[in-house]
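The values are calculated or read from the model by the stated rules, or taken from the named source; none is laboratory data. None of these values were measured; they are calculated from a predicted model. Quick reminder, even Gly has a Cβ in these numbers, built from the backbone with ideal geometry, and neighbours come from all protein chains shown.
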Amino acid sequence: MNYRIVTALIVLPVIAGCEGSSAEDTAPMKTATYYTQHLDEARAVANRCKLMDVQKQRELSLGDYQEWQISNEGVNCQTALSVSEAASVRELVLKQSKPPAPVATPKVAPPPSSAVPALRGQSDNQKLNAAQTLAPV
């Protein structure tokens, strides 16, 4: 019975993996919904990731770089980049689709009543009303 405990103590760490996890892998994975609700954080992460991506490409081998891309940190970077770029495009489209501000037009006062020509041959009590026109019909 004692050898089973010793064997279990040796075998369990091997089964669980001796490599351990890095800080990158322990970072919680964040969704696009999370970054959409926290747009300032998404933009900050995206800016940091743009610089980090260039650095990782220089420092890591191709295989290690691809491994980093599928790590939680790499996925968070891609998600933050996508959400921040989509938000920027959305803001641009909304800005361009707004109607232009109304231009103030000067108010035109109607001409004084003395400027309206009176028809000859009609008495003063038969003045033109708004429904009558001077043009032939």
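In the list Ser113, Ser123, Ser71, which residue meets the criterion of being within 25 Å of Lys30 (Cβ to Cβ) and either at pLDDT below 70 or small (Gly, Ala, Ser) (or both)?
Ser71
Could you tell me whether Arg43 is in a helix (DSSP H, G or I) and either hydrophobic (A, V, I, L, M, F, W, C) or at pLDDT below 90 (or both)?
no
Residue by residue, here is whether (1) of a type in the set (Ser, Thr, Tyr); (2) surrounded by fewer than 11 Cβ atoms within 10 Å (Cβ to Cβ); (3) within 30 Å of the chain's Cα centre (by Cα); (4) modelled with pLDDT under 90 holds:
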site	(1), (2), (3), (4)
Ile10	no, yes, no, yes
Val14	no, yes, no, yes
Gly20	no, yes, no, yes
Asn47	no, no, yes, no
Arg58	no, yes, no, no
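Under 6 Å between Cβ atoms, which residue pairs at least 6 apart in sequence (or on different chains) link something in region 29-57 that is more than 12 Å from Cys77 (Cβ to Cβ) with a partner that is of a type in the set (Gly, Ala, Ser)?
Once the first residue is more than 12 Å from Cys77 (Cβ to Cβ) and sits in region 29-57, its partners that are of a type in the set (Gly, Ala, Ser) give Leu39/Ala87; Arg43/Ser84.
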